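> Before I ask anything, let me first share the structure, which is written out below as structure tokens.
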Amino acid sequence: METVYKIYCASYEHALLLVESYRKDPRLQEEILETLNTTVPHTGASDLSFFLVMPVQRVTKYPLLLGKILENTPTSASAYPALQAAVRAMAQVNANINEYKRRKEVATKYNKAEHLTLRDRFARLNTHSIAKKTTRLSRLFMHEAGIVAKTEDKEYDDLEEKFQCVVSSVAALKENVASYLGHLEAFLLPAPHKRELQIDEGPAQQYRRFAEYLHCTVFPEFKRRLDRLVCQPLCSLSDMLVGPQQLVKKRLDKLLDYEEIQERKSEMGSVTYDEEAAMNTYLAINSLLVAELPRFNQVALEVLGQILCSLCALQRDLAAQVLHQAEKELEQMPHGHMPLPGFWKMVDDTLKQSDAQLRTFCQTFETVTPSPVTQPLNPAEERKVLSLVSKHGPDKLYQVTSNISGSKDLDLTLQRGQIVALLQSVDTKGNTSRWLVDAGGPRGFVPAGKLQPYCPVQSQQPRMQMPALESGTERRRHSYVPPEAPRPQVATFTPTYQVVAGFSFAARSPQEVSLQAGQPVVVLEPHDKKGSKEWSLVDVNGQRGYVPSAYLMTVPVQEPMGWSLPV
């Protein structure tokens, strides 16, 4: 009786809220009234709340009714001791129901996750809340430092440890399932069935049909089942953990308050009404968690085990389905029934044939490749390169392969062909795709993918050693120069440079000269008469004068890209 009434009375307020929501739906309300008039017309009830309150009233009347019977029963009657025990039992049942209902109200108050903005959090701050949080924090520090003893509750500590294990397991499984699905999608990223192959039949077409079967049939069905049987239950289980997590966190806060109040009570002998309420709140939360965490942990582990079983079954089904289809396709291939040694011999012969075809192509390609035209650096750019070499060394020089437009703070804007020196191969956040470079004055970050090692041209026909397909392969002439350090061999080019106006500038004195954006200039001196590099002396169409150095930029002048056959 106590168990049934505890759950009912604790849920009574929630049931009334549901009844109130039903009143907002005229069609549903009309159906409820019609049912009441048909089934219990003698009650004259106009709402479900008339019946919902009856069990709540009934359980509180039992002690009164039994007490009345006890008053009218002689003490000498044989039933008198049994009636006394019944009165005490029902009084205890009502007390337990009230305590359980109070605990549930406390849990309902604290187990909701609040999503507050920073402004809302500041609005909640006041003298009382700051003092309370400060007291809790100092108490926690004293616990960690061993100044004061921590309240030990072995039963609760074991339950919380199991609960936290469930929480971490659910979070890890969610992350692993998402990673597994991402890896599977990456594995199926090639889609040969979406390309037209100029091949009538053969292994290529069979693989094309097999890939189409995986993409259009197997994977969509697997993903749908995975979402329904694993992802959705896992997300629901994760949502179920939020309430208990909030209660566990709130219990720690209330425990710190409880210890502080107990210490004050032992010193002063009494506490205030609010302090007594705070102590009762801790006891209620602790009792509720100790009573309900075992069952919750058990149910959560059962659900987690069912999810894992579903995931294993799905993977077994996927593997069996793919293997079955692969075996069907393999039987139709010409080498499907070939012994394993014969198969590997066929693979080896095919690779050797492809290698011979590649060599023939490379030799033919070299005969039609034009020799590059080496263009020297202009004096200003050459001085800049020498300065970078003296500061950082030749192995730190890199060349910009395409225009870079800085979009973030500390990013540089560089033109294709500019020479820079590498300072760090990582940015401040540890990202190796953004490098810190010295551009001969300004320093900043650039994408690592747009830099290649720079090697000065030593002759009119620079060469690069191509990696041999196998040992003993003859080195072939190439149009680029090899880097000194062991790094990936990439092509470099040596364009000429010219200085142009990056922005328009209007002369404000006879010593200055006007510029239009993009207009070529000749830098006579990269400083003024006082040695300041903020101004440069330039020649613009025969006119000489000073312009801001920041308005000038160096751009490469290259020959048009492309191949040309020898005449």
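> Any aspartates and glutamates with Cα under 20 Å of the residue 352 Cα? List them, leaving off those in the same chain fewer than 8 positions away.
Within reach: 470, 474.
> From Cα pairs below 8 angstrom and at least 6 apart in sequence, can you work out the relative contact order of the stretch 497-556, rounded to a whole percent?
Taking the mean separation of contacting Cα pairs over the length of the stretch 497-556, I get 38 percent.
> Would you please give the residues with an amide H less than 5 Å from that of residue 536, counting only those at least 5 places away or on a separate chain, with H modeled from the backbone geometry?
547, 549
> Could you pull out every residue, at least 5 positions away or on a different chain, whose amide H is within less than 5 Å of the one on residue 503? Hs are placed 1.01 Å off N in the peptide plane, and Pro or chain starts have none.
Those lying under 5 Å, H to H, from residue 503 are 518.
> Mind listing the long-range amide H neighbours of residue 435? Cut-off is under 5 Å, sequence gap 5 or more, other chains count too, H placed in the peptide plane at 1.01 Å from N.
446, 448
> Something else: Rounded to the nearest 20 debye, what is the charge dipole size of the stretch 131-332 about its Cα centre when +1 sits on each Lys and Arg Cβ and -1 on each Asp and Glu Cβ?
Around 420 debye, computed over the stretch 131-332.
> Dividing the Cα radius of gyration by the Kirkwood radius, what Rg/Rh value follows for the stretch 1-111?
1.12
> Here's a follow-up. Please work out how much accessible surface residue 6 shows to a 1.4 Å probe, ignoring ligands, DNA and RNA, in Å² rounded to 10.
Its heavy atoms expose roughly 50 Å² to the probe.
> How high is the relative contact order of the stretch 1-111, given as a whole-number percent (alpha carbon pairs under 8 Å, six or more residues apart)?
Computed over the stretch 1-111, the figure is 37 percent.
> Mind checking the dipole of the stretch 1-94: about its Cα centre, +1 per Lys or Arg Cβ, -1 per Asp or Glu Cβ, Debye to the nearest 20?
So the dipole magnitude of the stretch 1-94 works out to roughly 400 debye.
> Next question, about the same structure. Work out from phi, with θ = phi - 60° and the Karplus expression 6.51 cos²θ - 1.76 cosθ + 1.60, the ³J(HN,Hα) of each residue of the stretch 379-386, listed in order in whole Hz, and give x for Gly and Pro.
My calculation for the stretch 379-386 gives x, 5, 5, 5, 5, 5, 5, 4 Hz in order.
> For the full complex of protein chains and a 1.4 angstrom probe, list 208, 58, 508, 264 by accessible area with the highest value first.
508, 58, 264, 208
> Just the accessible area for residue 250, please: 1.4 Å probe, Å², rounded to the nearest 10?
50 Å²
The values are calculated or read from the model by the stated rules, or taken from the named source; none is laboratory data. All figures in this text were calculated on a predicted structure; none of them were measured in a lab. A quick note on method: Cβ atoms are made from the backbone with ideal geometry, for glycine too, and the neighbour counts reach across all protein chains shown. Remember, those area values only see protein heavy atoms, side chains included, never the ligands or the DNA or RNA. Shrake-Rupley method; radii C 1.70, N 1.55, O 1.52, S 1.80 Å.
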